[in-house]
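J.: Have a look at this one.
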Amino acid sequence: KLMMRKTRIVTSFVKHNDKILILKRSQKVKSMKGLWSGVSGIIENGESPLKRAKIEIFEEIGIGEDDIELIKSGNQTLIESPQYKNHQWVIFPFLFKIQKSDIKLNWENSEFRWIGIHEFKEFDTVPNLEDMLLCLL
C-alpha cells in the first residue's frame, strides 16, 4: 500500500470590522487555481504554523506582523484531496484581525473581496473553507 503523503498548510482568515478577506487563487499557482481561499501557504520544514501564517499574510496581502492581531488558532484539520491520489492536506487554521483594509496582492492571488460570513456560499472556495472559518468564530 502506498504511503499517504501529507502536506502541512496554514490557512489564515483575516478579519476587518465584521468582514472576512477571501482571495482568488491565480492561474499561476500549482493547485486549486481560480478558487477562493484564505491566506494560505505550505509550512516549510520545522517552522511553527503561526510563524508561517504571519509570513504568508505579509507576502500575499502586504500586511506586516505589527498590524495583525491573532484572535484564535483552530485545531488542525485533515482534508483528503480528490485532485491528488494518496495525498492529505493537514490544515492549521488561524483567525487574525487587522485595522486597515488596504491589501496589496502578490502574484499568488488575482482578486480579493471583503465578505460577510453568510456570503461564503456564493463563492467557489477551496475544500472545507467555510467549515474551518466557522470553527474559529
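J.: Past the 21 Å Cα-Cα mark, which pairs from Lys33/Lys85; Lys51/Lys121; Lys24/Lys85; Lys33/Lys97? Intermediate values should be presented prior to the final figure.
T.: On the way: Lys33/Lys85 18 Å; Lys51/Lys121 30 Å; Lys24/Lys85 24 Å; Lys33/Lys97 26 Å.
Checking Cα-Cα distances, Lys51/Lys121; Lys24/Lys85; Lys33/Lys97 exceed 21 Å.
J.: Can you pull the percent of the stretch 5-137's accessible area that's carbon plus sulfur, 1.4 Å probe, other chains left in place?
T.: Numbers: 3590 of 7290 Å².
Its accessible area is 49 percent carbon and sulfur atoms.
J.: Rounded, prolate or oblate: which fits the stretch 5-59, taking a ≥ b ≥ c as square roots of the Cα gyration tensor eigenvalues, rounded meaning a/c under 1.5, else prolate when a/b beats b/c?
T.: oblate
J.: Quick one: angle between helix 49-61 and the longest Cα principal axis of the chain, in degrees between 0 and 90, rounded to 10, please.
T.: 60
J.: Then there's this: Tell me which residues come under 5 Å, amide H to amide H, from Ser12 once H is placed; ignore anything under 5 positions away on its chain.
T.: Under 5 Å from the amide H of Ser12: Val39, Ser40, Phe94.
J.: In whole Å, largest first, what are the principal axis extents of the Cα atoms in the chain?
T.: 50, 33, 29
J.: Also, I was wondering about something else. In percent, how large is the relative contact order of the stretch 9-137, given Cα pairs closer than 8 Å and 6 or more residues apart?
T.: Numbers: 243 pairs, mean separation 45.7, N = 129.
Result for the stretch 9-137 is 35 percent.
J.: Would you kindly derive the ³J(HN,Hα) couplings of the stretch 25-41 from the backbone phi angles with the Karplus curve 6.51 cos²θ - 1.76 cosθ + 1.60 (θ = phi - 60°), listing them in order in whole Hz, with x for Gly and Pro?
T.: Each residue of the stretch 25-41 in turn: 5, 6, 6, 8, 7, 6, 10, 6, 4, x, 8, 8, 8, x, 7, 9, x Hz.
J.: Could you check the simple spin-label distance between Glu47 and Lys19, using points 7 Å along Cα→Cβ, in nm with one decimal?
T.: 2.9
J.: What is the list of residues in the stretch 86-103 whose amide nitrogen lies under 20 Å from a point 7 angstrom out from the Cα of Ile55, following Cα to Cβ?
T.: Hits in the stretch 86-103 for Ile55 at 20 Å: 89-96.
J.: Sorting Trp107, Trp36 by accessible area (1.4 Å probe), largest first, what list results?
T.: Working: Trp107 140, Trp36 20 Å².
The ranking, largest first, comes out as Trp107, Trp36.
J.: Report, in deg cm²/dmol and to the nearest 500, the calculated mean residue ellipticity at 222 nm for the chain, where each DSSP H run with n ≥ 4 adds -39500 (n - 2.57) and the sum is divided by the residue count. Display every interim value, and only then the final one.
T.: Values: 2 runs with 21 residues, N = 137.
Result for the chain, helices only: -4500 deg cm²/dmol.
The values are calculated or read from the model by the stated rules, or taken from the named source; none is laboratory data. From a predicted model like this one, the values you see are computed outputs, not experimental measurements. Reconstructed Cβ throughout: ideal geometry from the backbone, glycine too, with neighbour counts over all protein chains shown. To get the accessible areas, we keep the full protein, side chains included, count just its heavy atoms, and leave off ligands, DNA and RNA. Shrake-Rupley method; radii C 1.70, N 1.55, O 1.52, S 1.80 Å.
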